[in-house]
Amino acid sequence: MTMTQEHGIIRMPVAVPRTGRSFPIGATLTTGGANFSIFSRSAAKIELLFFDQVEDARPSRVIAIDPLTNRTYHYWHVFVPGVQAGQIYAFRAYGPFEPARGLWFDPCKLLLDPYGRAVAVPKSYDRQPARFEGDNAGTAMKSVLIDPQAYDWEGDMPLKRPWSRTVIYEMHVRGFTAHPSSGLSESKRGTYAGLVEKIPYLKQLGITAVELLPVFQFDPQDAPLGRTNYWGYSPVSFFAPHQGYCSSQEPLGAAREFRDMVKALHRAGIEVILDVVFNHTAEAGHDGPTLCFRGLDNPTYYVLEQDRSRYANFTGTGNTLNANHPIVRRMIVDSLRYWVNEMHVDGFRFDLASILARDSSGAVMANPPVLWDIESDPTLAGTKMIAEAWDAAGLYQVGSFVGDSWKEWNDRFRDDFRDFFRGANGSVGRAADRLLGSPSIYGPKERELEESINFVACHDGFTLNDLVSYDHKHNAENGENNRDGADDNRSWNCGAEGPVEDPVIERLRNRQAKNFLTVVLLSAGVPMFVMGDELRRSQRGNNNAYCQDNDTSWFDWNLVYKHSDLLRFVKLLIERRVIRDVEHERRRLSLAQVLREHKHAWHGVKLNQPDWSESSHCVAISGELKDEGIWVYIILNAYWEPLDFEIPVLGGGSQRWRRWIDTALDSPDDICEWNEEEPVPGTTYRAAARSVVVLIGRLPHDVRRS
């Protein structure tokens, strides 16, 4: 190797690339350099481009990957000596541009590495040049080489908390701290680091897991013109954490800061579940941009229609990932393994998971390979897997999703309790079933009680506050003339649309919010509620705020003081989800879960006379928490007038019931501290209109049942 001198500067010669290996896929830092491997079946030529800065429009080095010596099967590979972590790179792929055959090769377009562990985004990033003719290097995202081992986890590992001890808090990384009221410095607002600053709040609230809206690198410009893709359901990478949530703009910052966040959450006993999007990408439909997969091997990565120039659209977003193709299956499983092994996450919630049951023609398979790959992978054993068991084309699999380990978002829990508390006819039987973990849905599978993920509000749809404040969606700000978002919200505004000054309506709304939170946190299954519902966060009636990166969607920390009564209510509900079995090891179960496992009885206003008729709006259940000496009596009254419920005789008449919860009462009487419940006189309890009541009876050891 000979040095050269130019203008007095001594330059080392660039080392000659070597053949490299097809495995591992992606960019892998090794001793003396880095190996690059990428899949493309139909490319005629592929180039690896290095850049000195993310803003550069021209590469500092171009390495042609020889199709004869540097190609194994359909994997193009090269080893480049001297390359270090932080190197910015991308690919160009040459081949036929024949959309009629499904081929969209365009050597003018810079392509991300599908396995890239980090993505750098230039300030000049623009999605539009990737749609049209011409070079887009100056405005394109670029991949960054990282060293996965260059991080000290300090002994951290995924927590593997049992499902029975899990309370999920769905949240948005940016939205949680972006509001000025967060009290954070401007550089930390809306970032992984900002979330770390707010861990004490999460710990005090009592939740055990955060479910983060998408944190894979996504395209924020994949939204109507002039708006932002705020939710992040628009991925361009399945391995790189989103750079926009990093407080630092250095290319390697996002991976490091994401890990810092995971480690800090684990230290607080909080698991990290990622909302993952393996059903589509930001490349959209036939008129979308070429960012990565389309330009490398379009027919492999996407489900195409018979007209090969068109994309099957089972997602409602323009394209559908070809998840059961062997190459795509491997990428999905490799991604999950990476986030578990290298990023220490505890679980995944799969957006539109039913799409993963479709084959390359879009037909639904009885045994989808990708789902069984995930299910049977030993690396992922013990990792939490949650399915949104439907897609945008009408496939609905709640209660029948493939596999044994998956839990499911139970949208029927959401709809049935919404119907019940707004007073809809015919809802009382369905609500009772949901309270006990939806045995009508999950009973035939003979699965554990936690298969159902119970929620009444999530990121998609009304917030809890808006559920009790609006009869109709108000999405005009989204720029689609209020056509977007669901029309069937099953909401009730309690007498007036939107914000009001009327104290009677406000009190009713607060009660309804407590009703919903009570059934979510006491029902059998795994409870989930969305960021800010414990404080009545509002989106002003917008039920599809995917493009609202502003105070419409952000967590307003002033609400901590405004709705401190509701916050206290939720804290105590979560705290008492822990039931200590005095004769056995500690377990975390909902009251309804224990009731379902043991003998229980249904009631109406009269004992043992439940009213399951169409016109009924109330139901009660009683039962013993066996071996714990505790009886529970739960009243659900969605009727618009107070009702007197007969109370079961306790301990042969020698013991008295005590009131733990009555959502109709003002704080602090709405929920008592555990073991400080208020005695209930008489043989009946008057449940106020639209309220939930929970009575507790503690029996002395000598009168407990064996």
* Structure fact -> With -39,500 (n - 2.57) per DSSP H segment of 4 or more residues and division by the full residue count of the chain, the 222 nm estimate, nearest 500 deg cm²/dmol, is -5500 deg cm²/dmol
* In sequence order, calculated HN-Hα J values of segment 177-184 (Karplus, 6.51, -1.76, 1.60; Hz; x Gly/Pro) -> 10, 6, 5, x, 5, 5, x, 8
* Asked: Out of every Cα pair in segment 234-344, what percent are spaced more than 21 Å from each other?
  -> 45
* Quick one: order 572, 111 by neighbouring beta-carbon count within 10 Å, fewest to most. => 572, 111
* When you count, for each residue, the other Cβ atoms within 10 Å and take the mean per peptide, how do 274-280, 545-551, 558-564 rank with the highest first? -> 274-280, 545-551, 558-564
* Percent of alpha-carbon pairs separated by more than 25 Å within segment 598-703 -> 17
* Could you check what % of the DSSP bridge pairs in segment 163-575 are antiparallel, to the nearest 5? => 20
* Relative contact order [Cα under 8 Å, 6+ residues apart], segment 15-144, whole percent -> 27
* Structure fact -> Taking a straight Cα-to-Cα line shorter than 12 Å from residue 606, and setting aside same-chain aspartates and glutamates fewer than 8 residues away, one finds 644, 646
* Asked: Helix 326-341 versus the longest principal axis of the chain: what is the Cα-based angle in degrees, 0 to 90, to the nearest 10?
  -> 70
* If one computes the Cα centroid of segment 602-679 and of segment 502-532, what distance in Å separates the two points? -> 18
* **Volume per residue of the C-alpha convex hull in segment 163-575, rounded to whole Å³** => 141
* To do: Run through the DSSP bridge list for the chain and note the antiparallel percent, rounded to the nearest 5.
  => 75
* To do: Return 308, 577 ranked ascending by Cβ neighbour count within 10 Å, so the fewest neighbours appear first.
  => 308, 577
* Percentage of interatomic Cα-Cα distances in segment 372-433 larger than 13 Å -> 68
* Quotient of C-alpha Rg and 2.2 N^0.38 Å, computed over segment 450-548 -> 1.09
* Asked: What list of ³J(HN,Hα) values in whole Hz, one per residue of segment 97-109 in order, does the Karplus curve 6.51 cos²θ - 1.76 cosθ + 1.60 (θ = phi - 60°) give from phi, with Gly and Pro shown as x?
  -> 9, 9, x, 4, 9, x, 10, 10, 5, 8, x, 7, 9
* Considering Cα pairs under 8 angstrom that are at least six residues apart, work out the relative contact order of segment 163-575 and quote it in whole percent. => 17
* Asked: Across the Cα atoms of the chain, what radius of gyration and what greatest pairwise Cα-Cα distance (Dmax) are found, in Å?
  -> 27.8, 102
* **Selected from 31, 60, 46, residue furthest toward positive end of dipole (segment 15-144; charges at beta carbon)** => 31
* Structure fact -> Helix 503-522: inclination vs the chain longest Cα principal axis, degrees, rounded to 10, gives 70
* Structure fact -> Phi-derived 3J(HN,Hα) across segment 475-487 with the Karplus relation (6.51, -1.76, 1.60, θ = phi - 60°), rounded Hz, x for Gly and Pro, is 10, 4, 5, 6, x, 10, 6, 6, 7, 7, x, 5, 8
* Report, ordered by chain and residue number, the aspartates and glutamates lying within cross-link reach of residue 263, taken as a straight Cα distance under 19 Å and ignoring same-chain residues fewer than 8 apart. => 147, 152, 154, 156, 170, 197, 211, 271, 275, 342, 346
* Asked: Over what distance in Å are the Cα centres of segment 54-92 and segment 296-334 separated?
  -> 25
* Dipole magnitude (debye, nearest 20) for the chain, charges at Cβ of Lys, Arg, Asp, Glu -> 1000
* Structure fact -> With bins of 10 Å, the percent of all Cα-Cα pairs of segment 317-423 per bin from 0 is 14, 44, 30, 10, 3, 0
* Per-residue Cβ neighbour rank within 10 angstrom, fewest leading, 237, 185 -> 185, 237
* How long, wide and thick is segment 169-232, going by the Cα atoms along their three principal axes, in whole angstroms, largest first? -> 40, 25, 16
* Starting from the eigenvalues of the Cα gyration tensor, five times each then square-rooted, give me the equivalent ellipsoid semi-axes of segment 15-144, largest first, whole Å. => 22, 20, 11
* Structure fact -> Mean separation of Cα contacts under 8 Å (at least 6 apart) over the residue count of the chain, i.e. the relative contact order in percent, is 10
* Using only the alpha carbon atoms of segment 596-653, find the Kirkwood hydrodynamic radius as the inverse mean reciprocal pair distance, in angstroms to one decimal. => 12.3
* With the convex hull built on the Cα atoms of segment 119-202, state its orientation-averaged projected area in nm². => 9.5
* To do: Can you tell me the 0 to 90 degree angle between the C-alpha axis of helix 411-421 and the longest principal axis of the chain, rounded to 10?
  => 30
* In the structure displayed, which of 445/514; 142/203; 198/384 lie more than 30 Å apart, Cα to Cα? -> 445/514; 142/203
* **Pairs beyond 32 Å (Cα-Cα), from 109/407; 160/562; 473/571** => 109/407; 160/562
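Where a number appears in this text, it was derived from the coordinates with a stated rule and is not lab data. All values derive from a computational prediction rather than experimental measurement. Please note: Cβ atoms are built from the backbone with ideal geometry, for glycine as well, and neighbour counts cover all protein chains shown.
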